[in-house]
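Novice: Pasting in a structure now, in structure tokens, and then I'll have a few things to ask.
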Amino acid sequence: MRTFTLPGTEIVAPNVVLGLMRIADKTDDQIRELVRTARDAGIDFLDHADVYGRELHDCERRFAEAMRLSPSERAEFTIQTKTGIVRNGPYFDFSYEHIMESVDGSLAALGTEYLDILLLHRPDALVEPEEVARAFDELEAAGKVRAFGVSNHTPRQIELLKKHVRQPIVANQLQLSITHAPIITQGVAANMIAEGQSATLDGGGIVDYCRLHDITVQAWSPFQAGFFTGVFLGSPEYTELNAVIDRLADAYDMPPIAIATAWITRHPANMQVVLGTTSPERVAGAAQGSDIPLTRAEWYELFRAAGHIVP
């Protein structure tokens, strides 16, 4: 498992992350097996959110109930969670009061005294950066949160936060897979007026922005064909792409899911792949893609087979 020091922190992080948004209905044994499989593969970075599960803090609570980590065991993990989505709206809330209440709820549910990283979930159109800054300052001073980031944010939204937030924004969690890759594909087809791929959908080069500002991109839904439309692996809608994936999987003696992971980890932005599966087998398979040295030709072949334009 390839690791790196997460910029803006002292966290040594793997480039594959275990996401735990689907564990609400899993038994304690199933959760422990999932986490154990990830640890055996070198994944000690866990991704949560307050809204994951059937009710608020549900998946965070189920994780804590199943794992029952001692303080020393807790220290062996990097635990990240998110705040900002309010279910009974639906709407978003980055107010000081909501952030503080959410973090206290996450700490209680997770049975821990601190979060390694807190992300602001989807952007709040009514955000007041001064309130976010006040919450971050108090959470940091109290030792409740060690580092801060965002999710699904554009460059300008980050810049607005940074007008008042003094802590480094260490991560931005964005949807990215071989087939759902506008944050990468737009730059390849920039200025091609007749091609939809050239349209800027992220406020202006979010991947390049993150590289320039030492913000780690965390790729969520790395195997989804679109926005929760099903996976592309093995899908009859992506026969050309799967043919290339299967051929490369044979060449590298890896499962196909490892090749899909490697397409993201090969990018020089040093991205993290956030796994959403609850299958230990798929976690183990995906983890093998952590440091597959795809060549440029192989990377672009996958890019084109997914339907993206290479001018």
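Quick note: the coordinates plus some simple rules give every number you see, no bench work behind them. On a predicted model such as this, the values are computed, not experimentally measured, just so you know. Backbone-built Cβ (ideal geometry, glycine too); neighbour counts: all protein chains shown.
Novice: Stokes-Einstein D for segment 5-97 at 10 °C, 1.306 mPa s, Kirkwood Rh over Cα pairs, in µm²/s?
Specialist: 110
Novice: Using only the Cα atoms of segment 129-279, what are the Rg and Dmax in Å?
Specialist: According to the Cα coordinates of segment 129-279, Rg and Dmax are 17.8, 53 Å.
Novice: Let me ask something else. Using label points projected 7 Å from each Cα along Cα→Cβ, tell me how many nm separate THR27 and GLU131, to one decimal.
Specialist: The answer from the label model is 4.4 nm.
Novice: Can you tell me the FRET efficiency between ARG166 and SER72 if r is taken as the Cβ-Cβ distance and R0 is 30 Å, rounded to the nearest 0.05?
Specialist: 0.40
Novice: Return the lysines within reach of LYS26: Cα separation strictly under 22 angstrom, same-chain partners fewer than 8 residues apart disregarded; answer none if there are no such residues.
Specialist: LYS82
Novice: Could you give the alpha-carbon Rg of segment 3-305 over 2.2 N^0.38 Å, rounded to two decimals? Each step should come with its number before you reach the end.
Specialist: Values: Rg = 18.9 Å, N = 303, 2.2 N^0.38 = 19.3 Å.
After normalising by residue count via 2.2 N^0.38 Å, the value is 0.98.
Novice: Something else now. Choose one answer from ALA66, ALA125, ALA41: the residue with the largest mean-square fluctuation in a GNM of the chain with alpha-carbon springs under 10 Å.
Specialist: So, out of ALA66, ALA125, ALA41, the one fluctuating most is ALA125.
Novice: Loop by DSSP (not H, G, I, E, B), at most 11 other beta-carbon atoms within 10 Å: where is the longest site-free stretch of the chain for chymotrypsin sites (Phe, Trp or Tyr not before Pro)?
Specialist: Here the longest segment lacking exposed loop sites spans 1-226.
Novice: Another question, if that's okay. Treat the count of other C-beta atoms within 10 Å as a stand-in for reagent exposure and order ILE23, ILE184 from fewest to most.
Specialist: Arranged by neighbour count, lowest to highest, ILE23, ILE184 become ILE184, ILE23.
Novice: Take ASP246, ASP50 and order them by how many other Cβ atoms sit within 10 Å, fewest up front.
Specialist: ASP246, ASP50
Novice: Here's something else I'd like to know. Given only helices, namely DSSP H runs of n ≥ 4 each adding -39500 (n - 2.57), what is the per-residue ellipticity at 222 nm of the chain, to the nearest 500 deg cm²/dmol?
Specialist: Details: 12 runs with 119 residues, N = 311.
For the chain, the value works out to -11000 deg cm²/dmol.
Novice: Let me ask something additional. Sorted from fewest to most neighbouring beta carbons within 10 Å, what does the list HIS57, HIS153 look like?
Specialist: Listing HIS57, HIS153 from fewest to most nearby Cβ atoms yields HIS57, HIS153.
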